[in-house]
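Each remark here refers to the structure printed beneath this line.
The values are calculated or read from the model by the stated rules, or taken from the named source; none is laboratory data. The structure displayed is predicted, hence computed values, not measured ones. Here the Cβ positions follow ideal geometry from the backbone for every residue, glycine too, while neighbour counts run over all protein chains shown.
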Amino acid sequence: MPVTLDTQLAARLRLSVARLARMLRQHTPPDGDVTVSMLSALASVERLGPLTLGELASVERVQPPSMTRIVARLDGLGLVAREVDVLDRRVARVRLTPEGARFLNRNRARRNVFLAERMKGLTAEEVAVLEQALPVIEKLVEGER
């Protein structure tokens, strides 16, 4: 059976997801001097493995000069390292350092705790609905990056 397009539902979902993301950013800011853009790049390197600056810029949808500055700051903080590509020594790849992995884990743990605290205000039925909706939401974002 074909699905009908419901723009009102799409608008409500978009607004709710954006507000939730903003709330998580505002109430659980990254550690130290790490910006949201830097955090996103760090997570992409973790998820996708070592990437060239161009690949990372494409994934993050920013211009290469911006990504060069982001990676330089992450490298300066010891959260990523640049490595020469084994197949082409002219190419450098960005990889996550152990400190970068610890940083991401700390940041995610803080956000999870914050969200879990907010969820305490939900009823058991609301939590069940949320659990049922998660696979659908996850399907919406599959392959996004």
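Hey, could you check the range 95-105 for residues that are of a type outside the set (A, V, I, L, M) and in contact with a strand residue (DSSP E or B) (Cβ under 7 Å, 6 or more places away or on another chain) and say which is surrounded by the most Cβ atoms within 10 Å (Cβ to Cβ)? Of everything passing the filter in the range 95-105, GLY100 is surrounded by the most Cβ atoms within 10 Å (Cβ to Cβ). If you take the residues of the range 91-108 that are in a strand (DSSP E or B) and modelled with pLDDT of 95 or more, which of them is nearest to the chain's Cα centre (by Cα)? Here the answer is LEU96. Where the second residue is at pLDDT 85 or above and the first is among the aliphatic types (A, V, I, L, M) and lies in the range 11-30, which pairs have Cβ atoms under 6 Å and are six or more apart or on separate chains? Sorted first by the residue in the range 11-30, then by its partner, the pairs are LEU24/ARG111. Of all the residues that make up the range 42-61, how many are of a type outside the set (D, E, K, R) and touching a strand residue (DSSP E or B) at 6+ places or on another chain (Cβ under 8 Å)? Looking only at that region, the number is 10.
Rundown of residues vs (1) of a type in the set (A, V, I, L, M, F, W, C); (2) out of contact with any helix residue (DSSP H, G or I) (no Cβ under 9 Å at 6 or more places or on another chain); (3) surrounded by fewer than 10 Cβ atoms within 10 Å (Cβ to Cβ), yes/no style:
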| site | (1), (2), (3) |
| --- | --- |
| GLY76 | no, yes, no |
| VAL86 | yes, yes, yes |
| ARG93 | no, no, no |
| ASN107 | no, no, no |
| PHE114 | yes, no, no |
| GLY121 | no, yes, yes |
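Of all residue pairs spaced 6 or more apart or on separate chains, those with beta-carbon atoms under 9 Å, a first member in the range 46-58 that is over 21 Å from ARG108 (Cβ atoms) and free of Cβ contacts under 8 Å to residues at least 24 places away in the same chain and a second member that is buried (at least 17 other Cβ atoms within 10 Å of the Cβ) and basic (Lys, Arg) are GLU55/ARG93. Only one residue in ASP75, ASP88 is free of Cβ contacts under 8 Å to residues at least 24 places away in the same chain, touching a Lys or Arg at 6+ places or on another chain (Cβ under 7 Å) and not in a strand (DSSP E or B), so which one is that? Being free of Cβ contacts under 8 Å to residues at least 24 places away in the same chain, touching a Lys or Arg at 6+ places or on another chain (Cβ under 7 Å) and not in a strand (DSSP E or B) holds for just one of ASP75, ASP88, which is ASP75.
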